[in-house]
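Visitor: Provided herewith is a single structure, encoded as structure tokens, for subsequent inquiry.
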Amino acid sequence: MANVTPHALANAIMGQLYDVLSNGDGTAPASPDNFISWVTPAYPYNPSDFDFLVQGLSGVVPAGSDKPTQAQIDKAEADDTLRLYNQAEQLARLVDFIPEVTTINNNQFATFNVNNNAGTLSDQYEIILKMSQVMDQELDDATKAKIAQFRALLQTTTTHTDIVTGAQTQVVGPSPMVQAYNAKMMAYDSAALTYNAARIAAQAADNAAAVQYFAINAAILRNQVTAAMDDWITNGYKNDYEEIAAYINAVQQRDLNLLKQEYEQDMTNAALTGIPSNSTFYYTSLIPGDFANSPAWTTFSFDIGNTSSYADSNYNTNGWSATATASYLGLVGVAGSASGNSSTSQFTDGIEMDSFTLSFQIAQVPIVRPWFKEAFITSKTWRFDPGNPDVKGKQVSDGGSPPTGFIAAYPVTAIFIRNLKLGIKQDSAAGQFIQQHQSSSQGGGAYAALGPFFLGGGASHVSSSGSTQSNFTASWDDQGMSVDGMQLTAFRCHIFPKSPDPDPSITNWV
């Protein structure tokens, strides 16, 4: 087969991956209100970067310490606590964004775009709570008690002690029910991804192996999807969780005043202060917390047989669409220097496809924000204060195609990959290009990337608390290259319907 340009190859790879993540059938249906926003290039991570999700925010003394003094114990615990807080702040700020969707086009289909004019998700949600009016109708005491009971099932409150001042505050987090719900949802998503990957590979492949695999194993794969759904229902409280959410939503049709006050308190309780930055962030987590070491990852593969099928990919959701022909940036190298300067170059020669393969494991991990209530935003029992000129006439989303508004969409799932393997020969022109930029990372944090995939080199994790530089290596053998670690590759984003969209029959507002 003739060589393929990196531009065309990246388009084809991402087209197939988008198909697997976004499209579905009767067994594993897709949602018309979601889309994928790619991180280009991906952010590399070590599993230890998410220790706070499992350990919490209380530091511990590292194992192996030889009879430390009490002062050494206190210092080690304080250092570890600071490390965990920095991790929590970094994740919270990373996912506290609003994706740009107002003029969806090829560039947004290909790369990660943030609506910088809108501010952060937490900023805009806080404005919604402060500037909104709700239906004026008080709930009876029995209903208030039932709501309190249900809310206790959905969230838990823990006491946080500031390591500097010693002050104690209450922090809201997901309850065991919510954690179980999201963990089983991740397992279901993994089974659905495996089924979709095999189904789509069989439909698009021009080789017999993929067709035969799906023909032989389709019933087994479908059973795995069904079993994962049953496990979600049985052990993940799926029906209980959704019934509680439905009840609270039904109550909102009668009164939101009490709930709004509680939502405002939830946001206050979730606020933490970054130690070095001395600025507020809102606690956010990924569930399950041990996802980085979980076996519930799906294998994705791409080879020569998929290239032509996905050369001109397209994306369509909720009445608006885009194509992938604008390029996923192809094969890119960033050369760094010790002074911090960098330069970008692009490999434009062809990549040998006779031996090219790509594979990795992928997981979709739910983002949990105890302080953010989607049900409030979509409720028909609130509106912006018509007498306030700052919000008069404004909309969260106009429900258009594409939608406009200051929170037209928001990220709900983080998509990670790990164990990336590429069938590129080490002595090929593309292989030499990759190695050149990997090695230059030792001088100043350079790297190589194919589309959104990070191919090794230096990477920085930047937050308001500072920047940490790490080197992520790649190894070569006769089969090609393998990239260490895992990468945050994309976000699944949810599109809001028209909001606010108050019920016209409501006449009393407060």
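The values are calculated or read from the model by the stated rules, or taken from the named source; none is laboratory data. None of the values given here were measured: they were computed from a predicted structure. For neighbour counting, all protein chains shown are included, and Cβ atoms are generated from backbone atoms with ideal geometry for every residue, glycine included. With ligands, DNA and RNA removed, areas are computed over all heavy atoms of the protein, side chains included. Shrake-Rupley method; radii C 1.70, N 1.55, O 1.52, S 1.80 Å.
Visitor: Can you run down the residue pairs with Cβ atoms below 7 Å, 6 or more apart or on separate chains, where the first is in region 61-81 and more than 16 Å from I275 (Cα to Cα) and the partner is surrounded by 11 or more Cβ atoms within 10 Å (Cβ to Cβ) and among the aromatic types (F, W, Y)?
Guide: Cβ pairs passing all conditions: none.
Visitor: Working only within region 22-33, note down all residues that are modelled with pLDDT of 70 or more and within 17 Å of S190 (Cβ to Cβ).
Guide: Across region 22-33, the qualifying residue is only S22.
Visitor: Moving on. Do you know which residues across region 252-261 are modelled with pLDDT of 75 or more and exposed (fewer than 14 other Cβ atoms within 10 Å of the Cβ)?
Guide: Passing the criteria: only Q261.
Visitor: Can I ask one more? If we keep just the residues of region 356-367 that are more than 16 Å from the chain's Cα centre (by Cα) and either open to solvent by less than 20 Å² (accessible area, probe 1.4 Å) or at pLDDT below 80 (or both), which is farthest from W38 (Cα to Cα)?
Guide: F356
Visitor: Of everything in region 151-185 that's at pLDDT below 85 and assigned to a helix (DSSP H, G or I), which residue is nearest to the chain's Cα centre (by Cα)?
Guide: My answer is L154.
Visitor: Another question about this same structure. Quick test of your reading of the structure: V334 fulfils all but one of (1) modelled with pLDDT of 55 or more; (2) open to solvent by 70 Å² or more (accessible area, probe 1.4 Å); (3) over 14 Å from H7 (Cα atoms). Name the failing condition by number.
Guide: (2)
Visitor: Can you tell me which residues in region 123-145 are open to solvent by 70 Å² or more (accessible area, probe 1.4 Å) and not in a helix (DSSP H, G or I)?
Guide: D136, Q137, E138, D140 - these are the residues of region 123-145 that are open to solvent by 70 Å² or more (accessible area, probe 1.4 Å) and not in a helix (DSSP H, G or I).
Visitor: Return the residues of region 462-482 that are surrounded by 14 or more Cβ atoms within 10 Å (Cβ to Cβ) and either charged (D, E, K, R) or at pLDDT 90 or above (or both); say none if nothing qualifies.
Guide: Within region 462-482, W476, G480, M481, S482 meet the criteria.
Visitor: OK, next. I'd like the residue in region 368-388 that is in contact with a strand residue (DSSP E or B) (Cβ under 7 Å, 6 or more places away or on another chain) and within 12 Å of P497 (Cα to Cα) and, out of all such residues, is least open to solvent (accessible area, probe 1.4 Å).
Guide: I377
Visitor: Test K75 against the criterion of being among the basic types (K, R) and modelled with pLDDT under 80, and give yes or no.
Guide: Values: among the basic types (K, R): yes; modelled with pLDDT under 80: no.
No, not satisfied.
Visitor: Follow-up. Which pairs turn up if I take residues in region 16-27 that are outside any helix (DSSP H, G or I) and look for partners that are surrounded by fewer than 18 Cβ atoms within 10 Å (Cβ to Cβ) and at pLDDT below 80 with beta carbon separation below 9 Å, at least 6 apart in sequence or on another chain?
Guide: N23/A30; G24/A30; G24/S31
Visitor: Can you report the number of residues in region 389-404 which are at pLDDT 90 or above and open to solvent by less than 40 Å² (accessible area, probe 1.4 Å)?
Guide: Looking only at that region, the number is 2.
Visitor: Among what's in region 211-251 and is within 30 Å of K373 (Cβ to Cβ) and free of Cβ contacts under 8 Å to residues at least 12 places away in the same chain, pick the residue that is most open to solvent (accessible area, probe 1.4 Å).
Guide: Going through the qualifying residues, I end up with E243.
Visitor: Here is a follow-up. Take region 180-195 and flag every residue that is of a type in the set (F, W, Y) and farther than 15 Å from N223 by Cβ.
Guide: Y181
Visitor: Right, another one. Among what's in region 267-324 and is open to solvent by 30 Å² or more (accessible area, probe 1.4 Å), more than 22 Å from V95 (Cβ to Cβ) and part of a helix (DSSP H, G or I), pick the residue that is modelled with the highest pLDDT.
Guide: Step by step, filter region 267-324, then rank; the result is I304.
Visitor: Do any residues in region 364-390 that are on the phi > 0 side of the Ramachandran plot have Cβ atoms under 7 Å from those of residues that are in a loop (DSSP other than H, G, I, E, B) and surrounded by 15 or more Cβ atoms within 10 Å (Cβ to Cβ), where the two are at least six apart or on different chains, and which pairs are they?
Guide: none
Visitor: So which residues in region 48-68 are of a type outside the set (V, I, T), part of a loop (DSSP other than H, G, I, E, B) and surrounded by fewer than 16 Cβ atoms within 10 Å (Cβ to Cβ)?
Guide: S58, P62, A63, G64, S65, D66, K67, P68
Visitor: Okay, next question. Quick one: what pairs do we get from region 173-190, first residue more than 22 Å from Y282 (Cβ to Cβ), second at pLDDT below 85, C-beta under 8 Å, 6+ apart or different chains?
Guide: M186/A296; A187/A296; S190/A296
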